[in-house]
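Student: Below is the structure I would like to discuss, written out as structure tokens.
The values are calculated or read from the model by the stated rules, or taken from the named source; none is laboratory data. Note that the structure is predicted; figures quoted are calculated from it, not measured. Cβ sites come from the backbone with ideal geometry, for glycine too, and all protein chains shown count toward neighbours.
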Amino acid sequence: MEIVIDNIDRIPDAATQFIAHMGEEKLFAFYGEMGAGKTTFIAEVCRQLGATEDSGSPTFSIVNEYSDANGKPIYHFDFYRLESPAEALEIGAEDYFYSGNVCFMEWPERIGNLLPEEAVKVGIEELPDGRRIIRF
């Protein structure tokens, strides 16, 4: 699947499309350069899933927890600051991954083999003209 975001005003439409294609999947690994829009996109997806909490970047806390419209947890990880996959183990990342709840992960490459095989790989690429392409 490929979603093109022409400008920032189109992020809600892109999030709606993404949610429509999530299916029963729970684990989503977001790849993209710094500034590509991973956090902004995930925040909008969380908002549309019913999260009312501020869904900013969990860069310093590593993981933020929000509640969806049904009160179920949504976990948003930012692994950028991790020095090694062992740090993800220390925060109990695997418990989150196998909780049965939705997990959105930024910088999954930082956790190496801890990333579950079933995680949907989502790439966000910024084009020279400012558009973003989301592929999953």
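Student: Say we look at the stretch 2-38 and pick out the residues that are farther than 20 Å from residue 111 by Cβ, hydrophobic (A, V, I, L, M, F, W, C) and in contact with a strand residue (DSSP E or B) (Cβ under 7 Å, 6 or more places away or on another chain); which of these is surrounded by the most Cβ atoms within 10 Å (Cβ to Cβ)?
Tutor: Quick first cut of the stretch 2-38, residues farther than 20 Å from residue 111 by Cβ only: 2-24, 35, 37.
Within this subset, residues satisfying the condition of being hydrophobic (A, V, I, L, M, F, W, C) are 3-5, 8, 11, 14-15, 18-20, 22.
Keeping just the survivors that are in contact with a strand residue (DSSP E or B) (Cβ under 7 Å, 6 or more places away or on another chain) gives 3-5, 11, 14, 18.
Values: 3: 20, 4: 13, 5: 24, 11: 17, 14: 21, 18: 20.
Applying the filter and picking the extreme gives 5.
Student: On to the next question. Please list, ordered by residue number, the helices (runs of 4 or more DSSP H) wholly in the stretch 24-136 having 3 or more residues that are more than 26 Å from residue 7 (Cα to Cα). Steps first, answer last, please.
Tutor: Values: elements: 38-48, 85-90, 93-97.
Qualifying helices (runs of 4 or more DSSP H): 85-90, 93-97.
Student: Going through 136, 97, 77, 41 one at a time, which residue ends up being among the aromatic types (Phe, Trp, Tyr) and surrounded by fewer than 20 Cβ atoms within 10 Å (Cβ to Cβ)?
Tutor: That would be 136, the only listed residue that is among the aromatic types (Phe, Trp, Tyr) and surrounded by fewer than 20 Cβ atoms within 10 Å (Cβ to Cβ).
Student: Which residues, counting only those in the stretch 1-55, are among the β-branched types (Val, Ile, Thr), more than 21 Å from residue 65 (Cα to Cα) and touching a residue at least 40 places away in the same chain (Cβ under 8 Å)?
Tutor: Across the stretch 1-55, the qualifying residues are 3, 4, 5.
Student: A follow-up question, please. Quick test of your reading of the structure: residue 25 fulfils all but one of (1) over 20 Å from residue 117 (Cα atoms); (2) under 14 Å from the mean Cα position of the chain (by Cα); (3) modelled with pLDDT of 95 or more; (4) not small (Gly, Ala, Ser). Name the failing condition by number.
Tutor: Against the list (1) over 20 Å from residue 117 (Cα atoms); (2) under 14 Å from the mean Cα position of the chain (by Cα); (3) modelled with pLDDT of 95 or more; (4) not small (Gly, Ala, Ser), residue 25 comes up short only on (1).
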